[in-house]
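Have a look at the structure below before the remarks.
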Amino acid sequence: MDHISDPLPIDHLPFTESVHLPQNTPLINLSKNHINSTHSNNYPNNNNNNNNNAIRNTGIIFLSFFNFFFTKLLLPISILALSAYLRLHNLDKSDKVVWDEAHFAKFGSYYIKREFYSDVHPPFGKLFIAFTEYVSNFNGYDNFDSTDSFSFDSSATYPPNFNYKKIRILNSIFGILIPLVAYYTSISLNFKKRTTILISSMIIFENMFISLSKFILLDSTLLFFISTSFYCLVNLHNNLKIKLNNYSIKWLFLTGLSIGLACSVKWVGLFITLIIGLYIIMDLYQKYFFIFKSTNPVDSINLIKSTKSTKSTKSTKSTKSIKSTQPTKSMKSKKIIKYNKYSKYNKILYLKIWLLRILLLIVFPFLIYTFFFKIHFLILNKTGTGHSSMSTLFQINLKNSDIQNSSRFLTYGSKVTIRSQGLSPNLLHSHIQKYPLGSQQNQVTTYGYKDDNNDWIVQYPRSSNFGNLGNFDINSSTFLNSINISQSILINNNSYSNLNHLNLIKNGDLIRLSHERLNTNLHSHKIQSHVSKNNYEVSCYGNQKIGDQKDDWYIEIVEQLSPKPSYSPDISINNNNDNNNKDIYIHPISTNFRLKHKVLGCYLATTGYSYPIWGFQQGEVVCKKSFFANDKSTWWNIEDHSNELLKIDNDYKPPKPLFWRDFLLINFAMSSSNNALVPDEDKEDNIASKWWEWPILKSGIRMCSWSRNDYRYYLLGNVFNVWISSLNIIIFIIICINQVLKWQRQEIKFNLKLFYKFLIGGLIPFLCYIVNYLPFIIMGRVTYIHHYMPSLYFAIFITGFNLEFVFRKRNSKNFMNSITCSSDEKFKGKEQKTEKEKGNYNQNKQYNNQNLNRIEVEVDNEIDNEIDKINNKINKMEHRFENGNGNGNGNNVIISKNNKTKGNSIPIINIKRIIKNFEVKENLVYLFVLVSSVCIFYYLSPMCFGMKGNINNYYYLQLLPDWKITNKTNWREQYQKLLTSLVK
C-alpha cells in the first residue's frame, strides 16, 4: 500500500502526449505523475520534447485564457447588451396606457396613496411597480397639485407627473436579465457553447418576451423568477450531495428564495415549485436507498462523500521506476469498515437532510410569501376600492372606515349587514333576479361591494307570537308594546338600565332574516344547490305575511372577540345571572356565529364557488351539513348595524385584526376572483384565445387601441421559435419512447450518471413545460396567449437538449489535438510498437483484472463504465504511439516538412482534423436555427417597437393567423401568405 494514486479522471487524460506504459503498472492506478515520470525517463531527446511541450503549453494557456474570456466575459456581456437594447428600444414611443398597465400601474399608485385594493395576484410584483413609481416621483394624482386621482383608463394619456419612460425602464430589468439566466442555466446543464448561444439567442429574439418587457406588467417579473428557480434547481442537482456542504446549502437557500418570489408574483410560480418538490422527493428516496438499503460499499462511499477521500501516497523520489500498487485485502476491508461505521450514524444524517429541505424549501418560501402580505397590509392602511372584500375587523381598523359606530347589542327590528368568513368573505346579498332552475325564487349570493341589497332586518321567527305581525317599524307602538319599554327611556337614558326587558338576541335564539328591499325572507329547502351539487339551495321567498318555518334560523355563537383593554363600556344587564352571561349576547363586529336552519338542520354557508353569468358571477350561498364548529365556511358576523331605539356606543374600540385570519381570507378571495374569470358566452372577447392556439400561434393580442394616429402594439410570438419549439416537444417524446424501448431490449445501458444527465437536461424541462401548460387546458377561466410564456421558455430548452442529443459524439476528441498534430504522411513507415511492449501492455491489463477480481464485493455499473472509459483512452494513446516514430512522442511530435531533423520543428496544423472538430454539419444546423429566429424577429419587430399610420404599410399584419384585425380570410390562407412572404 505504499504507492497508491487516484485513478486518472477521463477529463484529465494527457491527450497532447503519447504514453509508454512501463511494466507492472496497473491500469486502474495510472496517474498523470506516472505518465510524466515514465515518459521522461525512458526516452532520450528530452530537450527537443521540452521545446515542443513549451510551444504546446503556450497554445493551451492562450486557448484557456480565450475560453475564459469568451465564456465568462464576452458572451454574457454581449447577451446582456443585446437583450437590453431590444427591450429598451423605442420604449417611450407610446405615452398612453397600454393593455394591462391599466391594472398594474394603477395598483402601484394605490400603494403610493395607501388605499386598499383587491386583486387576483399576490402583492410582490405590484409592490415593485409601486417602488418604481415612487422613485419616479409619482404621487398618484393627475398633477403634483391636484387631488384628483389618475384613473389609468385603457389608452388614456399619462399625466405630466407620471414619468412613464423611467417606470417602464425599471420594470424591464427583469425581462432584460432573463436571457442571461438562460445562458448560465445552459452552462450548468453542460450544454456545448453553440447550444448555449442558441438558447440564449432564441430567448433574446422572442417577440413575445420583448413586448411584455417594455411595459408595466407582471409577466417578465414572473418569468424571471421562474427561470431563476430552474437555474437553482440545475445547480442544486449538480451540488446536492449527501454530505451537507456549503454549496448544497447555498443552492437550497437560493432555490427556496426563487420559488418564494415566483409565487409572490403570481400563483403560476406554484407550477415550478411542484417540479422542484418532485425532484426533492426523488432525491430523498435515492439517499434513503443508498444510506439504508445499499449493500454495495463502493456505491455508498461514492455517493455519501462524507468519508475522507483515499489518500494518495507520496510518489517515489526515484525517477527511474515506479512501484506499482496492488489492492490488497486490507484495502478492501478499510472501505467496508468505513461503510459500516457510517451506517451506524445514518439516521441522524438522514434526519438532517430532511430538516434542511423542509426549512429551506417549504418554510422559507412560505415566510417570503407571507412577508409580502404583511407589507401589503402595513402600507394599505386607508379605505379604498377593495376593502369591502376584507373582514369586518380589518375594515374598521382602516383610516376613513365607512363602518359606523352602533349599539353593542342586537335586537329584533335591527337592520344589519352580515359578512361571511368562509371561502367567499363577502356580504350576504339578494336581488330581484331569480334562479333559472330549482325553486326559481330570488337568488341569494355573497357580494363584495356595499349597496342596499345587502341590508337585512332581524325579525321574530314564524313560530313566535309576533312572527306574522308584518314588518316591524321600530317607531311603531306595536313594536314598543311588544318589548314593554318606552322609546324615551331607550334613547334619552345615559345608561342601559332596564335593558333586560328588551328582547336582546343571544346565543340559541330563533330569528328570521327579512330582505329590506325585496321584503322577502331568507329561506332554504330540499332543493339541490346550483354549483356545488351536494348542498341545499338558499333563496329569498314570500313576504311578512306569506311564509313557513323554513324561514327560521337558530343563531349559534362560536367566538367572542374581546375589545381593546382600554375600552370600558357603560353597560349593566340586570338579571338573575352573573356578569359572565353578557358573552351570550350577539354583538356587532366582535361576535362570530352560525345560522342553523330550523327544519333542515343545515348551516348557512359559502362554498367559494361563483355562480355563472345568470348569477353575475357572485359567490354561491348554500345550506350545508356541517359537523364541526370550526368550519369557517359557516361563520358569519354582523358588520353594519342600525337601530334608532338603541344608543350608539361611540367609545367602542374594536380589537386589532388577526393577521393570519386576514391572510387566509385574502387568499381565499383571490381564489374566488380567479374562479370568477370565466369566458362570457354572451360577449365576444377579441383578445382571448384557446390553449391549442398557442403552440401554433393561431392568435395574438391587440395590446392597445387601433387608431391610425396612435402607436399600436400586437402581442405575437416569434413564429419560428414557437413552431420549432412545439415541434421539439413532439421530438422529445419520440426520443423518450425510443430510449425506453432500447433499454428494454438491452441495446443501451443506463447507469445513474446517464439517467441524471437525461433527467436534468431533458425530462425536467419537459415536465416544467407540461405543468405550466396543462392547468390552462383544464381550467375554466378565460385564457390569453401570454399564459404560454413559461411553457415557451422551457420548450426552448428542450429544443437545445434535442440538438445536443442528436448531434452528440460518443468519442469526441480534444480540440487541441487538431492543432498540434502532424501530418499523417510524415508518419507512414515509421517504427511500430514492439511485440515486447505490446506484451507488457497486455500483461498490465491482465494484472489489473486480477487485482479487481480480488475485491469480493459487487462493483457498481457506473464504476465499470468509468474503468472502461479509462481503458478506451489508454487504447487511443497506444494507437497513437503505434503510429509514431518510437521516441515516445507519437502523433504529437511536431515535424516540419522542410526540416527532417528531430526536435528542430515548427507546428503543422492538420486542416482536415480542425474542420472535423468544428463539426461543420452540426454547426450549420445551429446556424440555420439562429438565423431563422433572428430573421423572423426582424420581420415581426414593428409589433414590439410600435406601429403608426396606415396598417396596410405593415404587410405582416395581414398575415396574422387569427385575422382579427382585418377579418377577411381564414388562417390557413394566411399561413400560406406568410410562408410565401418569407421565401421572398
(request) Place a label point 7 angstrom from the Cα of Phe131 along the Cα-to-Cβ direction, then list the residues of segment 160-186 whose backbone nitrogen is under 15 Å away. (result) 167-175
(request) Could you run the Karplus curve 6.51 cos²θ - 1.76 cosθ + 1.60 with θ = phi - 60° over segment 930-944 and give me ³J(HN,Hα) per residue in whole Hz, x for Gly and Pro? (result) 5, 5, 4, 4, 5, 5, 5, 4, 4, 5, 9, 4, x, 4, 7
(message) Tell me the per residue accessible area of segment 116-207 using a 1.4 Å probe; a whole number in Å² is fine.
(response) 36 Å²
(message) Longer than 22 Å from Cα to Cα, which of Lys399/Lys632; Lys533/Lys632; Lys352/Lys753; Lys450/Lys545; Lys287/Lys347 are they? Say none if no pair is.
(response) Lys399/Lys632; Lys352/Lys753; Lys450/Lys545
(request) May I ask you to compute the full-extension gain from Thr157 to Phe616, defined as 0.36 nm times their residue separation minus their alpha-carbon distance, rounded to one decimal in nm? (result) 162.1 nm
(request) Give me the compactness ratio for segment 362-408, meaning the Cα radius of gyration over 2.2 N^0.38 Å. (result) 1.46
(request) Calculate, for Ile249 and Leu664, the FRET efficiency according to 1/(1 + (r/R0)^6) with r their C-beta to C-beta distance and R0 45 Å; round to the nearest 0.05. (result) 0.90
(message) Could you give the length gained by full extension between Ile648 and Ile687, i.e. 0.36 nm per residue of separation minus their alpha carbon distance, to one decimal place?
(response) 8.8 nm
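Which entries in the list Lys374/Lys598; Lys192/Lys698; Lys193/Lys250; Lys241/Lys921; Lys434/Lys596 go over 30 Å, if you measure between the two C-alpha atoms of each?
Listed pairs above 30 Å: Lys374/Lys598; Lys192/Lys698; Lys241/Lys921.
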(request) Decide, for segment 172-233, between rounded, prolate and oblate: order the square roots of the alpha carbon gyration tensor eigenvalues as a ≥ b ≥ c, take rounded if a/c falls under 1.5, and otherwise choose prolate if a/b is larger than b/c, else oblate. (result) oblate
(request) Could you size up the charge dipole of segment 590-658 around its Cα centre, putting +1 on the beta carbon of Lys and Arg and -1 on that of Asp and Glu, and report it in debye to the nearest 20? (result) 380 debye
(request) Would you please classify the overall shape of segment 635-757 from the alpha carbon gyration tensor, given that a ≥ b ≥ c denote the square roots of the eigenvalues, rounded means a/c under 1.5, and beyond that prolate means a/b larger than b/c while oblate covers the rest? (result) oblate
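Can you give the net charge of the other residues whose Cβ lies under 12 Å from the Cβ of Leu189, counting K and R as +1 and D and E as -1?
+1
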(request) Place the peptides 787-795, 413-421, 598-606, 225-233 in order of packing, highest mean first, counting for every residue the other Cβ atoms within 10 Å and averaging per peptide. (result) 225-233, 787-795, 413-421, 598-606
(message) As an exercise, use a Förster radius of 25 Å and the Cβ-Cβ distance of Phe807 and Arg745 to find the FRET efficiency, rounded to the nearest 0.05.
(response) 0.55
(request) Quick one: what are the phi-derived ³J(HN,Hα) couplings along segment 397-409, Karplus 6.51/-1.76/1.60 with θ = phi - 60°, whole Hz, x for glycine and proline? (result) 8, 7, 5, 6, 5, 8, 7, 7, 5, 8, 5, 8, 10
(request) Rounded to the nearest 0.05, what FRET efficiency do Ile173 and Phe945 give with R0 = 30 Å and r taken as the Cβ-Cβ distance? Could you check? (result) 0.95
(message) Can you compute the modelled spin-label distance between Leu754 and Lys533, with each label point 7 Å from Cα toward Cβ, in nm?
(response) 5.0 nm
(request) Find which of Ile613, Ala629, Ile589 sits farthest along the positive direction of the dipole of segment 580-668, computed with +1 on the beta-carbon of Lys and Arg, -1 on that of Asp and Glu, about the Cα centre. (result) Ala629
(message) 7 Å from Cα along Cα→Cβ at both Ile112 and Asp402: what's the point-to-point distance in nm?
(response) 2.5 nm
(message) Taking the Cα centroid of segment 372-403 and of segment 769-811, what is the distance between the two, rounded to the nearest whole Å?
(response) 40 Å
(message) Residue by residue through segment 588-602, what is 3J(HN,Hα) from phi via Karplus (6.51 cos²θ - 1.76 cosθ + 1.60, θ = phi - 60°)? Round to whole Hz and write x for glycine and proline.
(response) x, 6, 9, 9, 9, 9, 10, 10, 9, 5, 5, 8, 7, x, 8
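As an exercise, identify the chymotrypsin sites (Phe, Trp or Tyr not before Pro) in segment 137-207 lying in DSSP coil whose Cβ has no more than 12 other Cβ atoms within 10 Å.
Sparse-neighbourhood loop chymotrypsin sites (Phe, Trp or Tyr not before Pro): Phe144.
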(request) Taking amide H positions as placed in the peptide plane 1.01 Å from N, state which residues far from Thr445 in sequence (5 or more) or on other chains have amide H under 5 Å from it. (result) His429, Ser430
(message) If each residue of separation counts as 0.36 nm, what is the full-extension length gain between Leu437 and Asp95 once their alpha-carbon separation is subtracted?
(response) 118.2 nm
(message) Just to be sure I understand the curve: with the Debye formula and one point per C-alpha of segment 719-806, what is log10 I(q)/I(0) at q = 0.18, 0.22 Å⁻¹?
(response) -0.81, -1.07
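The values are calculated or read from the model by the stated rules, or taken from the named source; none is laboratory data. Note that the structure is predicted; figures quoted are calculated from it, not measured. As a convention, Cβ positions derive from the backbone with ideal geometry for all residues, glycine included, and neighbour counts pool all protein chains shown. Quick note on the areas: whole protein, heavy atoms, side chains included, nothing else; ligands and nucleic acids left out. Shrake-Rupley method; radii C 1.70, N 1.55, O 1.52, S 1.80 Å.
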